[in-house]
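See structure below.
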Amino acid sequence: MKNVDITYRLELLQRVPAFHRRARLTQAFDEGELVYYGPHPAYYGIGEVKNMADGFVAVDFRGTGEFGVHEDMFRPEYLIPIPLSTRSLL
């Protein structure tokens with residue numbers, strides 16, 4: 001299987017600390033929604049919500065960040081949705 005190098009302009013994503021007012025506003029995520037890890041966007045990169053279970057969100061990052069993480073689970077307070085208006089810039 002060929003490894004595809006996905007590059008995003010992660011520096012354009014605003015850092016949002018966990019439990020910040022903006023992070024608490026969005027508690028529910030839809031499957032397929034694009035999100036990033038608010039406190040340090042470059043660590044995990046941009047991911048796709050796979051599902052929610054027991055108050056956690058499963059996200060597939062496909063190795064797009066510095067840590068090379070493919071899948072992980074987070075509390076919603078750590079994830080920030082990527083607005084449609086920003087996607088074309090990334």
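The values are calculated or read from the model by the stated rules, or taken from the named source; none is laboratory data. Values in this document were obtained by computation on a predicted structure and should not be read as measured data. Positions of Cβ are backbone-derived with ideal geometry, glycine not excepted, and every protein chain shown enters the neighbour counts.
Can you tell me which residue in the stretch 24-56 is surrounded by the fewest Cβ atoms within 10 Å (Cβ to Cβ), limited to those that are farther than 19 Å from residue 87 by Cβ and within 12 Å of the chain's Cα centre (by Cα)?
43
Any residue that is hydroxyl-bearing (Ser, Thr, Tyr) and at pLDDT below 90 - is there at least one of those in the stretch 72-87?
Our first condition is that a residue be hydroxyl-bearing (Ser, Thr, Tyr); within the stretch 72-87, this holds for 78, 85-86.
Now narrow it down to the ones that are at pLDDT below 90: 85-86.
For the stretch 72-87, residues hydroxyl-bearing (Ser, Thr, Tyr) and at pLDDT below 90: present.
Among the residues of the stretch 64-78, which ones are assigned to a loop (DSSP other than H, G, I, E, B) and surrounded by fewer than 17 Cβ atoms within 10 Å (Cβ to Cβ)? It would help to see each step written out before you state the result.
Taking the stretch 64-78 first, the residues assigned to a loop (DSSP other than H, G, I, E, B) are 64-70, 75.
Once the filter is applied, which keeps residues that are assigned to a loop (DSSP other than H, G, I, E, B) and surrounded by fewer than 17 Cβ atoms within 10 Å (Cβ to Cβ), the stretch 64-78 yields 66, 67, 68, 70, 75.
Which pairs turn up if I take residues in the stretch 21-39 that are more than 26 Å from residue 66 (Cβ to Cβ) and look for partners that are at pLDDT 90 or above and surrounded by 11 or more Cβ atoms within 10 Å (Cβ to Cβ) with beta carbon separation below 6 Å, at least 6 apart in sequence or on another chain?
Between residues of the stretch 21-39 that are more than 26 Å from residue 66 (Cβ to Cβ) and residues that are at pLDDT 90 or above and surrounded by 11 or more Cβ atoms within 10 Å (Cβ to Cβ), the close pairs are 27/76.
What number of residues within the stretch 57-90 are under 12 Å from the mean Cα position of the chain (by Cα) and within 12 Å of residue 11 (Cα to Cα)?
Residues meeting the conditions: 1.
Look at the stretch 39-90 and say how many of its residues are more than 24 Å from residue 21 (Cβ to Cβ), among the small types (Gly, Ala, Ser) and in contact with a strand residue (DSSP E or B) (Cβ under 6 Å, 6 or more places away or on another chain).
Residues meeting the conditions: 1.
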